[in-house]
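Please read the structure below before turning to the comments.
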Amino acid sequence: MAERRAIRLTGTNPTYEVCVVGEEIAIDIYRSIPRRADTFDVLGSSNIDVFMVYNSRNVKKPGKGEKWPLDKGIKVRISPNKPSENLKDSKVKVSYYTSGNDLVGSAMLYVTSVALSLDADVNRVGFVSRGIKNKDSWSWGPKGQGAILLVNCDRDRNSLGMADNEDQGAPNASDVKDMSPMILTAEGPDEIFDDYRIVLEIDSRDSRRLRVYRQGKFQFMHVLGMGKLAYEVQRKNLDEIKFYVEGLQFPDADFSGLVKIKVKFQRISDYADIFSESLVFRMAPWIMTPNTQKPIEVYVCNVNNNADFLKRLKRFVEKSRAELNICMSGMNRGDRWIQDEMEFGYCEAPHKRFPVVFDSPRDRGLKDFPYLEVLGPDFGYVTREANPDEIDTLDSFGNLEVSPPVTASGKNYPLGRILYGGSLQNPKLRMNKVITDFLEAQLVQAPVQLYSTWLLVGHIDEFMSFVPAADKRGFRLLLASPKVCLDLFNQKKKEGYGSAVMFEGVEKDKLTIDDILADESLMDSSQFCQECIDINREIMKKELGLTEANIIDIPMLYQCNSPKKDAESYFPDMVNMLVLGNNLGIPKPFGPKINGMCCLEEKVRSLLEPLGLTCYFLDDFDTYHKYLGEIHCGTNVVRKPFSFKWWVYEP
């Protein structure tokens, strides 16, 4: 609200003013005090509240028949409580008295009251809240207050096939449902608006971050944003005027997410502000969904050699009651790594939510797929541009995961924490800053960097995953473990199965358990990789508040291409799985068969099925494993959003 106005009264002529309902106005009663006056009183019409501001230690409130003293610095305030029906229909009278209560003079103020307010869903209940104060601030938490904008990044206008926040065309009825309604109230005698005007304003910095549309009879008129910094409202005898506010940008390193719209009531003769107030909105963040959220739709690519895998995947997805969306070869251009190209999340305001795909800057064969095929009505799109020379494997989204809800070091993370990989020693070997800045700026999923550069591909989904669990914790962290794998093989050797063969049916060379355990290079690689995974284990125990009981070690081996560097999966990486509810699509490891059963599969079943999970081992050896990836790398999942509302969180 603007600085409090002061109205000066005179004893010679009446004073005429226009005031806004709810506005607190100071009345200067000391400018022309009549001679011999020692006391005063103030009376106002029924639609004017009058009150005194004084020090109760020095001044006693007058009793019946008593007056207020003039020598104690008492301040008079008035506040209209409803709009006028006619010009000058409200009065305030100040009467001056001698110490003997003789009337020696008076001053009159005639007020025309206007109800002026700019309102939105400040209470976050899904509709416009009225009569709310302190709309110029925004607060988090269950008792927080402040309006919310969705970034209108889906495609409803469809004029040029672009996202709505990039489209300069007029919105349609579907499009405005993504926007936040805003109502301007301007009640008062129609004649007053011949001499006073109402103006909406935004800061130049917010011009590219929001647009405001006024609802007309046949269309929505663009009035603010994208270079339009002010709009004089044409009231035309309307007490209420409806607007729609459109978010254009997600929070980022240079943008807190807060934007402000100001309403001003000005005298036309000199453009002096009679009243102003601000309404603050926050852009809804982009939120990732973890494996523990219900699957809705699975994406996969059709490439030249995965027809049989797609059949197996289709049966698995159908068992999990999700939909399968196949990106055909003409669109993927031979790029099978759909997990690396994009990450699914969502954005939400009290009135609406929709999924949003985050397109990575890797830009290989699938680079056009998220924009051309995923973006659509009620399916948003966001990306971050980076210098192509600065993009590497760490910027692929197989290197981007999110935990389920956790509590760590006394801090609650009800939407989980984002995880991404990089180097813990070399700050130059990390995910591109344009991505991490964006993730940090969303505020609600506090990112954590893990150690992944010991891997050839360098993605965290090569050594970790989350699966649901039907207990209080609600999930388990799965970590690849060379130690558990070698312990299993040593145990089978002791049991007399050292000659059991790996890779039966998929490789010509038949490696036995004895061969593997005798491979010194593989043993050295296993020890190094276990040390690297243990570093991540400790990071996640600390940052996600986990204990050993929350972690399950899944047997795995890695082979380094050079000493302590560039590790890759020795057999299909079972941690790199597709999680669809309680069903797990796990890369078939082709481990040593003992009594007709793969001992690696049996070990994994013994670890996961007691949690109520069902393991489906899918052959991805020729279609993904040989290309240095697995099922998770080759699939992507749209999941159900959290029921928890992000604005209730306190970052």
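The values are calculated or read from the model by the stated rules, or taken from the named source; none is laboratory data. Please read all numbers here as calculations on a predicted model, not as lab measurements. Backbone-built Cβ (ideal geometry, glycine too); neighbour counts: all protein chains shown.
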Condition check: within 49 Å of the chain's Cα centre (by Cα) and surrounded by 17 or more Cβ atoms within 10 Å (Cβ to Cβ). Does Pro69 satisfy that?
no
Need the failing condition index for Ser79 against (1) part of a strand (DSSP E or B); (2) among the small types (Gly, Ala, Ser); (3) at pLDDT below 95, just the number.
(3)
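Which of the residues that make up segment 246-279 are assigned to a loop (DSSP other than H, G, I, E, B) and crowded, with 16+ Cβ neighbours inside 10 Å?
Leu248, Gln249, Phe250, Pro251, Gly257
Table: residues versus (1) at pLDDT 95 or above; (2) closer than 15 Å to Cys485 by Cβ; (3) not assigned by TED's automatic domain parsing to the domain that holds Leu477; (4) not hydrophobic (A, V, I, L, M, F, W, C).
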{"position": "Lys508", "(1), (2), (3), (4)": "no, no, no, yes"}
{"position": "Phe528", "(1), (2), (3), (4)": "yes, yes, no, no"}
{"position": "Ile533", "(1), (2), (3), (4)": "yes, yes, no, no"}
{"position": "Arg537", "(1), (2), (3), (4)": "yes, no, no, yes"}
{"position": "Leu546", "(1), (2), (3), (4)": "yes, no, no, no"}
{"position": "Tyr558", "(1), (2), (3), (4)": "yes, yes, no, yes"}
{"position": "Asn561", "(1), (2), (3), (4)": "no, no, no, yes"}
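Hey, does segment 557-577 have a residue that's of a type in the set (Asp, Glu), surrounded by 14 or more Cβ atoms within 10 Å (Cβ to Cβ) and farther than 19 Å from Asp620 by Cα? Outline the logic, then answer.
Filtering segment 557-577 down to residues of a type in the set (Asp, Glu) leaves 566, 568, 573.
Next, only the ones that are surrounded by 14 or more Cβ atoms within 10 Å (Cβ to Cβ) stay: 566, 568, 573.
With the extra rule that they be farther than 19 Å from Asp620 by Cα, the set shrinks to 566.
Checking segment 557-577: at least one residue is of a type in the set (Asp, Glu), surrounded by 14 or more Cβ atoms within 10 Å (Cβ to Cβ) and farther than 19 Å from Asp620 by Cα.
Please enumerate the residues belonging to segment 414-436 that are of a type in the set (S, T, N, Q), without any contact (Cβ under 8 Å) to a residue 24 or more places away in the chain and over 28 Å from Thr292 (Cα atoms).
As a first pass, look at segment 414-436 and keep what is of a type in the set (S, T, N, Q): 423, 425-426, 432, 436.
When the remaining residues are screened for being without any contact (Cβ under 8 Å) to a residue 24 or more places away in the chain, the result is 425, 436.
Within segment 414-436, just Gln425 meets the criteria.
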Restricting segment 460-473 to residues that are at pLDDT 95 or above and assigned to a loop (DSSP other than H, G, I, E, B), which is farthest from Val575 (Cα to Cα)?
Ala469
Run down Lys93, Lys177, Lys143 and say which single residue is under 23 Å from the mean Cα position of the chain (by Cα) and not in a loop (DSSP other than H, G, I, E, B).
Lys177
Residue tally, condition touching a strand residue (DSSP E or B) at 6+ places or on another chain (Cβ under 9 Å), closer than 15 Å to Gly247 by Cβ, surrounded by fewer than 23 Cβ atoms within 10 Å (Cβ to Cβ) and charged (D, E, K, R), over segment 157-199:
1
Taking interchain pairs and intrachain pairs at least six residues apart, which have beta carbon atoms under 6 angstrom, with the first residue in segment 486-504 and in the same structural domain as Ala518 (by TED's automatic domain parsing) and the second of a type in the set (Phe, Trp, Tyr) and modelled with pLDDT of 95 or more?
Phe503/Phe590
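Could you run through segment 182-212 and say how many residues are basic (Lys, Arg) and free of Cβ contacts under 8 Å to residues at least 60 places away in the same chain?
Restricting attention to segment 182-212, the residues satisfying the condition of being basic (Lys, Arg) are 197, 205, 208-209, 211.
Checking the rest, the ones that are also free of Cβ contacts under 8 Å to residues at least 60 places away in the same chain come to 205, 208, 211.
Number satisfying all stated conditions: 3.
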Output the qualifying pairs, or none if there are none: Cβ atoms under 8 angstrom, residues six or more apart or on different chains, first residue in segment 568-588 and without any contact (Cβ under 8 Å) to a residue 12 or more places away in the chain, second residue in a loop (DSSP other than H, G, I, E, B).
none
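Given the structure, is Gly225 touching a helix residue (DSSP H, G or I) at 6+ places or on another chain (Cβ under 8 Å), closer than 22 Å to Lys135 by Cα and not acidic (Asp, Glu)? Write out each step before concluding.
Details: touching a helix residue (DSSP H, G or I) at 6+ places or on another chain (Cβ under 8 Å): yes; closer than 22 Å to Lys135 by Cα: yes; not acidic (Asp, Glu): yes.
Yes; evaluated as a whole, the condition is true for this residue.
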Please go through segment 200-220 and pick out each residue that is modelled with pLDDT of 95 or more, farther than 21 Å from Ile268 by Cβ and surrounded by 13 or more Cβ atoms within 10 Å (Cβ to Cβ).
Ile202, Asp206, Ser207, Arg208, Arg209, Leu210, Arg211, Val212, Tyr213
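Which of the residues that make up segment 111-140 are crowded, with 16+ Cβ neighbours inside 10 Å and not aliphatic (A, V, I, L, M)?
Going residue by residue through segment 111-140, those that are crowded, with 16+ Cβ neighbours inside 10 Å are 111-124, 128-129, 132, 135, 138, 140.
Once the filter is applied, which keeps residues that are crowded, with 16+ Cβ neighbours inside 10 Å and not aliphatic (A, V, I, L, M), segment 111-140 yields Thr112, Ser113, Ser117, Asp119, Asp121, Asn123, Arg124, Ser129, Lys135, Trp138, Trp140.
Could you check segment 503-517 and list, in sequence order, the residues that are aliphatic (A, V, I, L, M) and touching a Ser or Thr at 6+ places or on another chain (Cβ under 9 Å)?
We begin by selecting, within segment 503-517, every residue aliphatic (A, V, I, L, M); these are 506, 511, 513, 516-517.
Within segment 503-517, Ile513 is the sole residue that qualifies.
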